[in-house]
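Everything on this sheet refers to the single structure shown next.
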Amino acid sequence: MLMQNRGNTLLLRAISPDDSAWLAKTYANTEFVTLYCSTVNAVDEDTIRQSLIERDKLSPEQVGFIEYVIVHPKFDRIGLVTLGNYSPLHSRAEFLIGIVDPAHRHSMFSVEATLLTLDLAFNAYHLNKIFTYVYGYNEYSERNTVKFGFRQEGLLKEHHFCQIENRFVDLYINGMTLADFRNNERIAGFSRKLLGRDITLAPQRLQGPAVQEVPVENPSRLIDALRNLATAAGSVH
C-alpha cells in the first residue's frame, strides 16, 4: 500500500514513531487542536511512541485510518492529515487536515497537501468518496473547502461537544465523490501547477500478454521478448 506522496514542494508521508516528540508538542497546541480535531488529547512522547510502534504491526485496513505528516523542505513538519473512519464496504473515508503554524495557513501548503491526499485516496486507494467535517466556528475553512470542490451536504446543529471550549458546536459535512473529483477543473489546474501532474485523470492500466522473465545471458531471447513487449504496448489505445 502506498504510504507517501510527493508534490513540487511538500512530502506527505505516514506518521512513524520518530515523529513522537513533534506529535506530543503538536497535540499540546490547543489553538491547533481546536481547528484540527478537538477530541485529540495532549499525550506524552513515550505514550505516543509506544502507540505508534504497536500500530505499525497492523495494516491500515485493520486500524481503520492512516495518519500522515506534511513535510516541507525548509520548515520540516508543518501539519497533519488523516484519512479516517475507513469503510471498505462503502469505499469512503473521512478527510482531516491541519497546518500547525498560523503563518502557513494562508499559503498554498494546505492546497498542495490536500491534492496529495486526494491523489492517494482516489488514484491509489480507489475510494469512491471522501467526506470532511468542519466546525461551525471555522467559517474560513468551510468556505475554502466548498471553493475547492467539496459539496456542502448539510449542517449538523450542536452535533459535537467541544471539550476545549466546553460547549456544543455545529458541524458542516462536506463530500466529494470520485465523479466530482474526475470532473473538477480547479483541482486539475492546481495539481498541474503544484504537483506537476493532473491527478484528476484516471490512472492508465496497460494490459497485454504476460511477459516471462528472460535470462540476460541469452541475448537473442531477450531481444525477442523486448520486441514482443513493444508490439503488445503499441496495440493498446
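Derivation of every value follows stated rules applied to the coordinates shown; laboratory data play no part. Fair warning: this is a prediction, and the values are worked out from it, not measured in the lab. Cβ sites come from the backbone with ideal geometry, for glycine too, and all protein chains shown count toward neighbours.
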Would you mind working out the magnitude of the charge dipole of the stretch 4-205 relative to its Cα centre, with +1 at each Lys and Arg C-beta and -1 at each Asp and Glu C-beta, to the nearest 20 Debye?
780 debye
Points 7 angstrom from Cα along the Cβ direction at MET108 and ALA21: gap in nanometres?
3.3 nm
Which label belongs to the value computed from this structure, given these candidates for Cα extents along the principal axes in Å: (i) 46, 45, 36; (ii) 51, 43, 37; (iii) 75, 41, 38?
(iii)
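For a footprinting-style exposure proxy, rank SER51, SER20 by other Cβ within 10 Å, fewest first. Numbers along the way, then the final one.
On the way: SER51 14, SER20 21.
Listed from fewest to most nearby Cβ atoms, that is SER51, SER20.
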Row for the stretch 64-134, column shape: gyration tensor on C-alpha, a ≥ b ≥ c, rounded if a/c < 1.5 i.e. under 1.5, prolate if a/b over b/c, else oblate; value prolate
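Sort out the exposed loop trypsin sites (Lys or Arg not before Pro) in the chain (DSSP loop, at most 10 other Cβ within 10 Å) and tell me the longest stretch that has none.
No qualifying site falls inside 75-204, the longest such stretch.
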In the chain, with Lys and Arg counted as +1 and Asp and Glu as -1 at Cβ, which of these residues, GLY189, TYR140, ILE173, has the Cα nearest the positive end of the dipole, that is, farthest along it?
GLY189
